[in-house]
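What follows is a short report on a single structure.
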C-alpha cells in the first residue's frame, strides 16, 4: 500500500450525491447507487475542473468504491495521501474528507457511489464492523488481476441491468450483484488484514500511529487533549507523541488539531451555522476560545473565514 502523511491547509466543503456530475457514462438507480467510468473516453474537462482538480477538498456524504484499471491517481483522504495504480481499489466511507491531487492521462477507473453509505447491509454485524474498521485504517488495497476481473464483471452486470427498463426485480438484481461484491470484499479484507496487521504489529510505531488515527477520527469533535488518546491506548502522553512523530514526522497534537480545523472549515464553509454554533458543535467552551484556536491554526478568525 502506497501512502504518505501530509498537512493540507485548504478549505473543505460538503459533497452530496445530488451535486455529483452526470454524464453519458453515468448511471443512477434512484437514490441508492451511481455507477460511472471513463473506460471509453477521458474524463470530461468540466468534471475535472470542478471535482478532480478542485482547489478545495470535499467532505463526502456517501460511500465510494474506486477500481483503478490503468494509469495512476493521487488522492488525499483524511489527511493522508494515497496513490492508486492498476488493480488497486480505494473504498471511502461517508464523512471522509478527500481531494484529488493529480492523475495520469491514461488513468481509467470504475466508480460505485452509495448515497446511503450502505456497503454491507444484510451481513453478519461483527464481520461488517470489522470490515469497516479495516477500511478506515486501510482504504486502499491491491487486488490480483483475477480479483479485479471478477469485480469488473460484477460492475458491468450492474451497469447492464441499470440500462434496461426498470422492473419489479431490478432492485433485487442489483442487490445480488452488490452482495457478491461485498463477499469478495470480505475475502480481500481477510487476506489483506492478516498480512497488514502482521506487519503493523512488528512495527510498533506504525501500529500505534494507525490506532491513534482511528481514535482521533472517532473522537476529535469532543476530545482534543493528547492525554485522552494516551489513556485509551494505555500509554503516557509523552511516549504517544514521540511515537507518532517518529512514525509520521508530526506530533500527536498536530494531527488532532488538523482534524478539528478541517471539520471547523467544513462547517463554516457550509454556511449553515454561525461561528458560535460551529464552536458549540466542536465542543469548545465558548466562542472566544474557538476563535483563538481557529485563528492560531489558520491565521484568520472564523467570521473572516466565512466572509472569504
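Among the conditions (1) modelled with pLDDT of 80 or more; (2) surrounded by 16 or more Cβ atoms within 10 Å (Cβ to Cβ); (3) over 30 Å from residue 209 (Cα atoms), residue 17 misses just one, which is (1).
When the residues of segment 232-254 are filtered to those that are free of Cβ contacts under 8 Å to residues at least 24 places away in the same chain and either touching a strand residue (DSSP E or B) at 6+ places or on another chain (Cβ under 7 Å) or not in a helix (DSSP H, G or I) (or both), the one that is surrounded by the most Cβ atoms within 10 Å (Cβ to Cβ) is 251. Only residues that are surrounded by 18 or more Cβ atoms within 10 Å (Cβ to Cβ), under 22 Å from residue 252 (Cβ atoms) and either out of contact with any helix residue (DSSP H, G or I) (no Cβ under 8 Å at 6 or more places or on another chain) or at pLDDT 85 or above (or both) were counted across segment 172-212, and they come to 3. Taken together, 8, 94 contain a single residue that is on the phi < 0 side of the Ramachandran plot, in a loop (DSSP other than H, G, I, E, B) and modelled with pLDDT under 80, which is 8. Residues in segment 106-126 that are part of a loop (DSSP other than H, G, I, E, B) and at pLDDT 85 or above: 106, 107. Residue 208 meets the conditions (1) more than 28 Å from residue 278 (Cα to Cα); (2) in contact with a strand residue (DSSP E or B) (Cβ under 8 Å, 6 or more places away or on another chain) in every case but one. The failed one is (2). Take residue 129 and tell me if it is in the same structural domain as residue 67 (by TED's automatic domain parsing) and modelled with pLDDT of 75 or more. Spelling it out, it is not the case that residue 129 is in the same structural domain as residue 67 (by TED's automatic domain parsing) and modelled with pLDDT of 75 or more. Taking (1) surrounded by fewer than 16 Cβ atoms within 10 Å (Cβ to Cβ); (2) more than 24 Å from the chain's Cα centre (by Cα) in turn, residue 221 satisfies each apart from (2). Looking only at residues of segment 255-304 that are in a helix (DSSP H, G or I) and in contact with a strand residue (DSSP E or B) (Cβ under 7 Å, 6 or more places away or on another chain), we find that the one that is nearest to residue 216 (Cα to Cα) is 262.
Pull up segment 77-92, narrow it to residues that are more than 16 Å from residue 109 (Cα to Cα) and buried (at least 19 other Cβ atoms within 10 Å of the Cβ), then point me to the one that is farthest from the chain's Cα centre (by Cα). Filtering segment 77-92 for residues that are more than 16 Å from residue 109 (Cα to Cα) and buried (at least 19 other Cβ atoms within 10 Å of the Cβ), the one farthest from the chain's Cα centre (by Cα) comes out as 79. Of the residues making up segment 24-39, one or more are at pLDDT 60 or above and out of contact with any strand residue (DSSP E or B) (no Cβ under 9 Å at 6 or more places or on another chain).
The values are calculated or read from the model by the stated rules, or taken from the named source; none is laboratory data. In this text the structure is predicted, and so the values were computed from the model without any measurement. Glycine gets a Cβ as well: all are built from the backbone with ideal geometry, and neighbour counts include every protein chain shown.
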